Each structure stands twice: as C-alpha cells, then as structure tokens.
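Only one structure is covered here, and it is reproduced in the block below.
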Amino acid sequence: MGTLEFRSNRTRTVGIELELGLVDRKTKALTSKIEQLLKEFPGDPESLPYKPELMQCYIEVNTGVCNTIDEAKADLEPKLVELEHAADRIGVDLWWGATHPFSTWRDQNVTPTDRYLNLIGLLQDMARQLVTFGLHVHVGVDSGDKAVMICDRIMQHLPTLLALTTSSPFWDGHMTGLQSHRSKIMEGLPTAGLPPMLRNWSEYVWLVNQMVNTGFINTIREIWWDVRPHHAFGTVEVRVCDMPGNLNDSLAIAGFVQCLVKALSDQIDEGTYQHDCHPFLVRQNKWRACRYGTHAQLVNSRTHQTESIPTIVNSLVDRLDSAAKELECRPYLEHVRDIANAHSWADRQVEIYEENEDPAEVVSKLVKQSRISESPSSWTPGPATSAMESRSKSQASVDQ
C-alpha cells in the first residue's frame, strides 16, 4: 500500500457518524430495506449523507466537517428529519440502539458490493454477526504522530465512554446479562477492540502495510479499533461507543470526545508527562463497563482504587471545562453528568421488556422516543432533498 499521508487539521473539528437500524413498522423486526430507502432520495447516491453498511438492515448518517457541536446538531437534525420522512414512505422506523432486542443476525442480508462480499469471504460468520450499531466521533488533529499519541492517551477513557453509551443488552432474542453485547461482538474481529500501543505515525503506517501486504486485511478500512487515526480525514476517530438512544445523548458524547481530544492535544503541545496506564487495566475497565454500564466501578489508573461512573465523569467534566469553553460546547459536556447519573439505555430496554414481556414493545416505545420529527400520522409528504442541498460537504463513510 505504501505511504499514508495524514491530512492535517489545525483546529479540533468534529464529525459524527450515526449507525441506525431499519425496523419494519408493523413487526418491529429488522428489515433489509436500505436499497429501497435510498431510492427515496433523488440524485447521486455517493453525494448523500446516508450510506449503506455491511448489512442491508441499517444505515449510516454522517455530518459534514463541523467546528462545534452546535454546528453538528444543525447539520444532523434536518438530515434525520428527511430520513424519518423517507422511512415513513416505505413503512420503516429508525432504531437507536446498539443491538436489536429480538431479530437475529442469521436473518439479515449482506449488502452486495465487492467490498462487503470480500469481507464476508475473509471473516465468514464473524462478519455476518456484525448486526450492531455504534456512534463514531472524528476530531481533527494536526499531525499523524499526534494522532497516534492521542490514541494511546485516550485509551484509559474509552471504558468510561462505553459505560455512558451502553445500549445492547439483547442478542439473538434474549437478555445477555451484559449492558453492551455489541462490544463483545466487535472484539471477535481480528482488527477490532482496543488498539495496540504504537509509538509514532511511522510505526502505524508500517503495521497497516504489513497487514495489507500479508493478506490479513483487504484494505485499511478493515481496521476497526476502538480508537484509530484516520489519515484521509486528519482525525482521531473514537469508535468504542454503543449507539445512544437519542440525538441529544449522542451530541453530548460527541462533545465529550471533542473536549478529551483537545485537552490531550494541548497537553502534548505543552510537553506534559505521559502517565502510564497499564493496558490490562484498560481491558479490565472495558469489561466492567460492558457488564455494568453506568453502574460500573472502574479502576483509577493512578490510585488503583475503584470509582463510580458519576465520580469519574464529574471529575473529567470539571477538568475539561476550559476546553469546553473554547469549543463552545459546555451545555453538551454538562449533559454528560446527567447521562452518568441516569439509567443507561440498556437499563431502559430491559425495564420495558420486564414490564411488557414483549421485545417488540421495547422497539416500539424507544423508536417513538427517539424520533426527531412529528409523528408519521401527522406528517405531509414534501421535498426529500432540502436537507441535503443545505450541506455541500458531507463526510464520506469509512466504516464497515
């Protein structure tokens, strides 16, 4: 593959990718209608902010390159409204959760592109099981070396981000006992989960070339670490999060990530000493977050004592206050405190199921709560392209 040139960003820009499930409005099961849904939007499919994924039962919604979370919100809201209206026309709802409560991966159809078919050929059932939905956040950085350093330093915070977003307690129609089963599915892939510790951009390029040249992966796009450098966008991309249950929480988590990356970038510029966090502590904390969500007790890498998620989040939010002011996202960062003190989205799914003993009711209730626009019964069809025309810079999809 050769040299990878990192596209430098001088400011801490932010981009957000939402992976949303497509569910049949009547049965609430996942439905393979991505091609039908995309046909609702005229024009070149490559120019749309909506992208197909590995399986035909979900869709990715991308922002353009934004400077603030307010900009990202202004970008996403009209796109989601247009998407909801298009979905209404074909009898589909959008599922904001990291796994589906009862649909099985065995019933889903692969998107028939060369890339995805090659991926299935390489990974077999490990790829077919990727019926999971996540929140991915890109934050701009100014060099490849810095991107690698930030990936290393932010790793100790990844379990906290996972704990705040857990929304996948179900798999194959049963409760798993985990708050994030998605994270365990992802860890089954040979190039997912926590990344290796790398020293600089050169070592990262060497590793990517080695994997491609030996046939371990087909392309660089098959590196799905929980955090990774992205050379084409010039970003650090945080991928550890489950898909939160609504847009407000997603924006708050994106603001949290943007502040963390900025603070770590500033520390690097200032020559701050790198406090070592043992990789096994990160792995241990990720398991705790996966198992218990916002109820988890994570090990502090400095004191080696356990702390609750609200305690950890309150400390981080306080430390990130100056970054939040500069990035103009203090309300979003403050909302992270609320998320930490509330029941997780996984908790809410389980609570609805236990009240009704019907997994379809979980989908029905949470689909209504996450909807951005008015209810389908009160909506009048209109132009399907206005939201896209307002944005000329859509961030291309790089994921599965």
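The values are calculated or read from the model by the stated rules, or taken from the named source; none is laboratory data. Remember, predicted model here, so these are calculated numbers, not experimental data. Here Cβ is always computed from backbone atoms with ideal geometry, including for glycine, and neighbour counts include all displayed protein chains.
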Report task. Kindly indicate the residue of region 64-109 that is over 21 Å from the mean Cα position of the chain (by Cα) and of a type in the set (Lys, Arg) and also nearest to residue 346 (Cα to Cα) among those meeting that condition. Result -> 106
Query raised in the report: Can you tell me which residues in region 182-203 are surrounded by 24 or more Cβ atoms within 10 Å (Cβ to Cβ) and more than 23 Å from residue 278 (Cα to Cα)?
Result: 182
Query raised in the report: From the list 74, 147, which one is surrounded by fewer than 18 Cβ atoms within 10 Å (Cβ to Cβ), part of a helix (DSSP H, G or I) and among the small types (Gly, Ala, Ser)?
Result: 74
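If I go through region 270-295 residue by residue, how many of them are among the aliphatic types (A, V, I, L, M) and either exposed (fewer than 14 other Cβ atoms within 10 Å of the Cβ) or in contact with a strand residue (DSSP E or B) (Cβ under 8 Å, 6 or more places away or on another chain) (or both)? Talk me through it step by step, then tell me what you get.
Of region 270-295, the ones among the aliphatic types (A, V, I, L, M) are 281-282, 289.
Pick out the ones that are also either exposed (fewer than 14 other Cβ atoms within 10 Å of the Cβ) or in contact with a strand residue (DSSP E or B) (Cβ under 8 Å, 6 or more places away or on another chain) (or both) and you get 281, 289.
Result for region 270-295: 2.
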Query - Residue match in region 4-13 (condition: charged (D, E, K, R), modelled with pLDDT of 95 or more, crowded, with 22+ Cβ neighbours inside 10 Å and under 19 Å from the mean Cα position of the chain (by Cα)) - result: yes
**Report entry** Residue count for region 230-257, restricted to those that are farther than 18 Å from residue 338 by Cα and within 15 Å of the chain's Cα centre (by Cα)
**Finding:** 7
**Report entry** Scope region 161-182; condition hydrophobic (A, V, I, L, M, F, W, C) and not in a strand (DSSP E or B); matching residues
**Finding:** 161, 162, 163, 164, 178
Query raised in the report: Counting just the residues of region 278-336 that are of a type in the set (Asp, Glu) and part of a helix (DSSP H, G or I), which one comes out nearest to residue 156 (Cα to Cα)?
Result: 318
Query raised in the report: Based on what the data block shows, is residue 347 charged (D, E, K, R) and in contact (Cβ under 8 Å) with a residue 60 or more places away in the chain?
Result: yes
Report task. Can you run down the residue pairs with Cβ atoms below 6 Å, 6 or more apart or on separate chains, where the first is in region 213-231 and without any contact (Cβ under 8 Å) to a residue 60 or more places away in the chain and the partner is surrounded by 21 or more Cβ atoms within 10 Å (Cβ to Cβ) and outside any loop (DSSP other than H, G, I, E, B)? Result -> none
Query - Selection count where residues are out of contact with any strand residue (DSSP E or B) (no Cβ under 7 Å at 6 or more places or on another chain), farther than 13 Å from residue 22 by Cα and assigned to a helix (DSSP H, G or I), scope region 36-71 - result: 5
Query raised in the report: Is one or more of the residues making up region 87-104 surrounded by 21 or more Cβ atoms within 10 Å (Cβ to Cβ), among the aromatic types (Phe, Trp, Tyr), touching a helix residue (DSSP H, G or I) at 6+ places or on another chain (Cβ under 7 Å) and closer than 21 Å to residue 182 by Cβ?
Result: yes
Report task. For residue 37, state whether it is closer than 14 Å to residue 94 by Cβ and crowded, with 22+ Cβ neighbours inside 10 Å. Result -> no
Requested in this report: Only residues that are surrounded by fewer than 24 Cβ atoms within 10 Å (Cβ to Cβ) and under 19 Å from residue 140 (Cβ atoms): list them for region 238-249, please.
Outcome: 239
Query raised in the report: Under 7 Å by Cβ, and 6 or more places apart or on different chains, what pairs join a residue from region 40-62 that is within 19 Å of residue 92 (Cα to Cα) with one that is β-branched (Val, Ile, Thr) and in a helix (DSSP H, G or I)?
Result: 52/34; 56/34; 59/34
